[in-house]
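Here is the structure we will look at, set down as structure tokens.
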Number of protein chains: 2
Amino acid sequence: MCELLGMSANTPTDLCFSFTGLTQRGGNTGPHKDGWGVAFYEGKGVRLFLDPQPSVSSPVAELVQNYPIKSKTAICHIRQANVGDICLANTHPFVRELWGRNWVFAHNGQLPHFTRQPGPYEPVGDTDSETIFCDLMNRIHHVLPRDAMPHQLAATLAELAEEYAAQGVFNCLLSNGDWLFTYCSTKLASITRRAPFGAAQLKDADVTVDFSAVTTPNDVVSIIATEPLTTDEQWDIYQPGEWKLWSQGEVIAHGGDGSRA
Amino acid sequence: MCELLGMSANTPTDLCFSFTGLTQRGGNTGPHKDGWGVAFYEGKGVRLFLDPQPSVSSPVAELVQNYPIKSKTAICHIRQANVGDICLANTHPFVRELWGRNWVFAHNGQLPHFTRQPGPYEPVGDTDSETIFCDLMNRIHHVLPRDAMPHQLAATLAELAEEYAAQGVFNCLLSNGDWLFTYCSTKLASITRRAPFGAAQLKDADVTVDFSAVTTPNDVVSIIATEPLTTDEQWDIYQPGEWKLWSQGEVIAHGGDGSRA
């Protein structure tokens, strides 16, 4: 299995604190030593850092921990391989261009018998995760108009996610830079930080941050992760089947939690 | 204008020496301060580092200079913006997936009036370079079979490159990881290093390397760059219209130099 980390914020924000916590699980406090990756949107561009080395000892991860790359949307993944070798091509997140936007995807789970429908998007590596992503992109391209509004898109994404989750474990993060779609098949949690900001202590490293010192009163920053990353904050735990569409740090659509989408 | 740097080698080789020379031109010995990027193939995967900051002062460039990422094929670009803002989405190299491979492209030149033919690959940013790359990918996808051999591919690429070069300045590097296609519209040079290896001195920094200390006798490493990067080696200068297809450090097809392709 793997661990996911996503961020949605209304102002460019660095991910150093959360990333520091997550990367400890890549070979130190957790067994996810088979590579890691992170994608930061900057406008429509994406900075993608990938490394098949354990995040806890990767020089590139050290750079990302210490160099505050500011982004409104970011997706991060640390890997414990089950399907596919440990190599760069099998390292999440995966990126494809559609309608002139970079779409970024990371997956936690396993769909051992998944077969994708044919289409122009093809996997480069040999993970089930990238195969599902290509299937998703082919089907979005096929069924949605390029000017689909986020809510129409979310309804389609939720349907596809439910279909994938029926075939295995499918927790995912997906973004085109404007929004962040999150789906929980088994495990996902979120927290939204806004004024008045307090302090927080990482669960996986002896690191504390005082958010009030690094934010302005209007900032809204949400973190979505496989498991809560801090010990002294109240995280919301997703229900199995629940999805949320985030934008600018806020939930703009949600469903699968018993309420109507 | 911009500067290009490519590498083709028969064994995974780091680009630190050449990259150190090139990045000096990104704000120090040269005016190419509007961002830089480099793509390293590792198997079918690609490590892509992009930064809209000047390479001479970029923390990510410092990492790439000092962390020996070993690759058989790499493409690097430093930018002096003419078309398009200075932003991440406009930073070369550009990547698209086709037939389950990552295709990487960087361009030096300008095609101010270029219009692409419609097709599924679309630019994310607003440079002429990325627009041409998308046109190229759409047309390759349309006219070539997915199992096209490198020579058939090279003939098509050379035809397309000639067509682009007729509309402006078009020096380019393109790879799918197996081969490196290089086209010279105005300026490109190459050097192939093989046993017996000697020493070399960078033109742009006070750095010397003794290649014999870092190679084995079977290594073949070719560097392709806008201008020679060293002062004490004999570089081959491309003729306008000349193209070379490199693989494993060797030229496997060439044309446009007066000989038959």
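Read-outs: derived from the displayed coordinates by stated rules, not from any lab. Since we're looking at a predicted model, the values are computed, not measured. Reconstructed Cβ throughout: ideal geometry from the backbone, glycine too, with neighbour counts over all protein chains shown.
The table below lists the values:
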{"item": "Reachable lysines, given that their alpha-carbon falls under 18 Å from the alpha-carbon of B:K244 and they are not under 8 places away in the same chain", "result": "B:K72, B:K187"}
{"item": "Average other protein chain Cβ within 10 Å of Cβ, residues B:34-44", "result": "2"}
{"item": "Net charge over other residues, Cβ less than 10 angstrom from the Cβ of A:N10 (K, R count +1; D, E count -1)", "result": "0"}
{"item": "The stretch B:131-149 residues near the modelled B:H113 label - backbone nitrogen below 19 Å, point 7 Å along Cα→Cβ", "result": "B:131-132"}
{"item": "Peptide-level mean, for B:120-126, of C-beta atoms on other protein chains within 10 Å", "result": "5"}
{"item": "Contour excess over end-to-end distance, with Cα ends at B:A213 and B:V143 and 0.36 nm allotted per residue", "result": "20.6 nm"}
{"item": "The stretch A:1-146: equivalent-ellipsoid semi-axes (sqrt of 5 x gyration tensor eigenvalues, Cα, Å)", "result": "25, 20, 11"}
{"item": "Cα gyration tensor shape of the stretch A:120-246, rounded if a/c is under 1.5, else prolate or oblate by comparing a/b with b/c", "result": "prolate"}
{"item": "Value of [θ]222 nm, deg cm²/dmol, for the protein assembly as shown, DSSP H segments ≥ 4, -39500 (n - 2.57) each, nearest 500", "result": "-6000 deg cm²/dmol"}
{"item": "GNM flexibility winner over chain A from A:D51, A:D14, A:D85 (Cα, springs under 10 Å)", "result": "A:D85"}
{"item": "Sum of side-chain charges, A:D219 neighbourhood, beta-carbon under 10 Å (Lys, Arg +1; Asp, Glu -1)", "result": "+2"}
{"item": "The stretch B:3-255 - Kirkwood radius from inverse mean 1/r over Cα pairs (Å)", "result": "18.0 Å"}
{"item": "Average beta carbon contacts from partner chains per residue of A:88-100, 10 Å cutoff", "result": "5"}
{"item": "For the stretch B:84-154, convex hull volume per residue from C-alpha positions, Å³", "result": "99 Å³"}
{"item": "Positive minus negative residues near B:Q53 (Lys, Arg vs Asp, Glu; Cβ under 15 Å)", "result": "0"}
{"item": "Overall dimensions of the protein assembly as shown as given by Cα atoms, namely Rg and Dmax in Å", "result": "23.1, 72"}
